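Chemist: Sharing a structure, written as structure tokens. Questions coming.
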Amino acid sequence: MKSTPKGMRLHIGLFGRRNVGKSSLLNALTRQNVSIVSNVAGTTTDAVEKPMELLPIGPVLFIDTAGIDDVGALGEMRVQKTRQVFDRTDIGLIVAEAGRWDDFEEAILVELQQRKIPVVVVFNKIDIEKPDSGHLAQLEKREVPCVVTAAEKGEGVLDLREALIRTVPEEFINPPSIVGDLVPSGEMAVLVVPIDMEAPKGRLILPQVQSIRDILDNDAYCMVVKERELRDALDRLKRPPALVVTDSQAFLKVAGDTPDEVLMTSFSILFARFKGDLSEYVRGTMAIENLLPGDRILIAESCSHHPIGEDIGRVKIPRWLQQYVGGKLEFVHVQGHDFPEDLSSYKLVINCGSCMWNRREVLSRIMRCQEAGVPCSNYGLTIAYSLGIFERALRPFPAAEDIYREMAPALCNPAD
């Protein structure tokens, strides 16, 4: 349970005014003193995360937010951090004091519903005041599940757990496959894993590990090789593999060593489908064709790391894009959950593979790009396009390949 990555957990965000008992509720749910509880409003200054196993759901991540009715300069910083939690919330818990439901709580509910995030309303502190029957009736009429609790006394916590179980999104109960659906049972996938300066010592990175597990779960085989050994490995096989998957940085060499009749893609493109919206990413990637020297590009990395050597986001992608465009581009980098409020100055947003994020946060960023009218891509798709192997990398995904063919400039499809 403790080793389950955050990106694979159901994210449950707690929202509400200051001092309504969010921290007490989280402590009661987790049966631990995760958050500091105080009668002083604003005690929780930043989001507090607690991973746990919530049966029968499985691994979850509770996020206790600072109250978003805060005031002052420090309060505004807390509010901004809380707003970021909306982007990665799979289920929203709106915590209100029993008997109080005003425009503030309504605004949170509307925000969550507009994002199509399932909601459970919790009226807390019923040991002090009884919930208003009118508020309960109105929310029930709108099909918003409600629970009443006295968190500090542990009352109603079991009801809340049951409400959470009933509200879990279908895609979490039956998650999409990473790669298993592309490799039939009994067939083989070859995974190409370069070992360079940025490869973690003594282990594989998360997308590689998760892909191996997904292949095994689907009763298929996998072979793991470095890029230098790929051609020899393929020659030793009695029949061609169903799929070759490579780290995007080795795309050109792997494309050259993999027979054209064998399907080939990258881990990052697999995760574009698994964590985001591959079709929308394909549309966004096509905007590279219209980039001009001087255009501004945002590169968003989900994890914070110290760039070394030929860093993929800081060195290689900028170099390959500028070679394709034929001139210098302006690159801006952000890390973690930071993301600009105003995207209007950018001609393209490039997300990393997002293996450390949950799917909700990736889709939230794609949605924000759509609202701003800014194309959105990811590392693997951007690299494939810049290196001229975009269509081949999309071949395992017929629907995405069709989008490319429909949008491709006339020079790419002279027969059309």
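The values are calculated or read from the model by the stated rules, or taken from the named source; none is laboratory data. Everything numeric here is computed off the predicted structure, so don't read it as measured data. Heads up, the Cβs are rebuilt from the backbone with ideal geometry, glycines too, and the neighbour counts pull from every protein chain shown. Just so you know, the surface numbers come from the protein's heavy atoms only, side chains and all, with ligands and any DNA or RNA stripped out. Shrake-Rupley method; radii C 1.70, N 1.55, O 1.52, S 1.80 Å.
Chemist: How about the range 109-125: which of its residues are open to solvent by 30 Å² or more (accessible area, probe 1.4 Å) and either free of Cβ contacts under 8 Å to residues at least 60 places away in the same chain or of a type in the set (A, V, I, L, M, F, W, C) (or both)?
Modeler: If the condition is that a residue be open to solvent by 30 Å² or more (accessible area, probe 1.4 Å) and either free of Cβ contacts under 8 Å to residues at least 60 places away in the same chain or of a type in the set (A, V, I, L, M, F, W, C) (or both), then VAL110, GLU111, GLN113, GLN114, LYS116, PRO118 are the ones that fit.
Chemist: If you don't mind, there's one more thing I want to ask. Within the range 395-413, does at least one residue satisfy the condition of being more than 30 Å from GLU170 (Cβ to Cβ), small (Gly, Ala, Ser), modelled with pLDDT of 95 or more and surrounded by fewer than 18 Cβ atoms within 10 Å (Cβ to Cβ)?
Modeler: Checked the range 395-413: no residue is more than 30 Å from GLU170 (Cβ to Cβ), small (Gly, Ala, Ser), modelled with pLDDT of 95 or more and surrounded by fewer than 18 Cβ atoms within 10 Å (Cβ to Cβ).
Chemist: Say whether the condition of being surrounded by 23 or more Cβ atoms within 10 Å (Cβ to Cβ), touching a Phe, Trp or Tyr at 6+ places or on another chain (Cβ under 6 Å) and more than 19 Å from LYS6 (Cβ to Cβ) is met by at least one residue in the range 348-370.
Modeler: no
Chemist: If you take the residues of the range 146-179 that are in a loop (DSSP other than H, G, I, E, B) and buried (at least 18 other Cβ atoms within 10 Å of the Cβ), which of them is modelled with the lowest pLDDT?
Modeler: Residue satisfying both the conditions and the ranking: VAL168.
Chemist: Between a first residue in the range 145-168 that is under 15 Å from ILE94 (Cα atoms) and a second residue that is of a type in the set (Gly, Ala, Ser) and exposed (fewer than 15 other Cβ atoms within 10 Å of the Cβ), which pairs have beta carbons less than 8 Å apart while being 6 or more apart in sequence or on different chains?
Modeler: none
Chemist: Next up: SER345 is checked against (1) open to solvent by less than 40 Å² (accessible area, probe 1.4 Å); (2) out of contact with any Asp or Glu (no Cβ under 7 Å at 6 or more places or on another chain) and fails just one. What number does that condition carry?
Modeler: Here SER345 meets the rest and fails (1).
Chemist: Shifting gears a bit: Test ALA189 against the criterion of being aliphatic (A, V, I, L, M), open to solvent by less than 60 Å² (accessible area, probe 1.4 Å), under 30 Å from VAL315 (Cβ atoms) and modelled with pLDDT under 90, and give yes or no.
Modeler: In short, no.
Chemist: Can you tell which of GLY16, GLY42 is at pLDDT 85 or above, closer than 28 Å to ASP102 by Cβ and touching a Lys or Arg at 6+ places or on another chain (Cβ under 8 Å)?
Modeler: GLY16
Chemist: Further question on the same structure: Is it fair to say SER302 is surrounded by 17 or more Cβ atoms within 10 Å (Cβ to Cβ) and among the polar types (S, T, N, Q)?
Modeler: Taking the combined requirement at face value, the residue satisfies it.
Chemist: Only residues in the range 394-406 that are under 19 Å from GLY180 (Cβ atoms) count as the first member; pair them with residues that are surrounded by fewer than 20 Cβ atoms within 10 Å (Cβ to Cβ) and of a type in the set (Val, Ile, Thr), Cβ under 6 angstrom, at least 6 apart or cross-chain, and list the lot.
Modeler: Within 6 Å, no pair qualifies.
Chemist: Next question. Looking only at the range 241-267, count how many residues are of a type in the set (Val, Ile, Thr), closer than 18 Å to PHE397 by Cα and touching a Ser or Thr at 6+ places or on another chain (Cβ under 7 Å).
Modeler: So the answer is 3.
Chemist: While we're looking at this one, here's another question. Taking the range 192-212, which residues are in a helix (DSSP H, G or I) and at pLDDT 95 or above?
Modeler: SER211, ILE212
Chemist: Also: Output the qualifying pairs, or none if there are none: Cβ atoms under 7 angstrom, residues six or more apart or on different chains, first residue in the range 1-24 and on the phi > 0 side of the Ramachandran plot and assigned to a helix (DSSP H, G or I), second residue surrounded by fewer than 17 Cβ atoms within 10 Å (Cβ to Cβ) and at pLDDT below 90.
Modeler: none
Chemist: Still on this structure, I have one more. Among the residues of the range 125-142 satisfying the criterion of being of a type in the set (Lys, Arg) and assigned to a loop (DSSP other than H, G, I, E, B), which is nearest to GLU106 (Cα to Cα)?
Modeler: Here the residue is ARG142.
Chemist: For the range 169-191: of the residues being of a type outside the set (A, V, I, L, M) and in contact (Cβ under 8 Å) with a residue 60 or more places away in the chain, which is nearest to LEU234 (Cα to Cα)?
Modeler: Step by step, filter the range 169-191, then rank; the result is SER177.
Chemist: Could you run through the range 270-293 and say how many residues are of a type in the set (Lys, Arg) and open to solvent by 20 Å² or more (accessible area, probe 1.4 Å)?
Modeler: Going through the range 270-293 one residue at a time, the tally reaches 2.
Chemist: For the range 275-289, which positions are part of a helix (DSSP H, G or I), closer than 23 Å to MET407 by Cα and under 15 Å from the mean Cα position of the chain (by Cα)?
Modeler: Within the range 275-289, LEU278, GLU280, TYR281 meet the criteria.
Chemist: Also, I was wondering about something else. For the list (1) in a helix (DSSP H, G or I); (2) open to solvent by 50 Å² or more (accessible area, probe 1.4 Å), I need the number of the one condition that VAL224 fails.
Modeler: In the conditions (1) in a helix (DSSP H, G or I); (2) open to solvent by 50 Å² or more (accessible area, probe 1.4 Å), VAL224 misses (1) alone.
Chemist: Out of the range 19-39, which residues are modelled with pLDDT of 65 or more and open to solvent by 40 Å² or more (accessible area, probe 1.4 Å)?
Modeler: ASN19, ARG31, GLN32
Chemist: Hey, another quick one. Identify all residues within the range 89-108 that are surrounded by 20 or more Cβ atoms within 10 Å (Cβ to Cβ) and modelled with pLDDT of 90 or more; write none if there are none.
Modeler: Answer for the range 89-108, where residues must be surrounded by 20 or more Cβ atoms within 10 Å (Cβ to Cβ) and modelled with pLDDT of 90 or more: THR89, ASP90, ILE91, GLY92, LEU93, ILE94, VAL95, ALA96, TRP101, GLU105, ILE108.
Chemist: Something else: Of all residues in the range 228-269, count the ones that are closer than 29 Å to ASN351 by Cα, open to solvent by less than 40 Å² (accessible area, probe 1.4 Å) and not in a loop (DSSP other than H, G, I, E, B).
Modeler: Here the count works out to 17.
Chemist: Out of all the residues in the range 126-144, which are of a type outside the set (A, V, I, L, M, F, W, C) and open to solvent by less than 50 Å² (accessible area, probe 1.4 Å)?
Modeler: If the condition is that a residue be of a type outside the set (A, V, I, L, M, F, W, C) and open to solvent by less than 50 Å² (accessible area, probe 1.4 Å), then PRO131, GLY134, HIS135 are the ones that fit.
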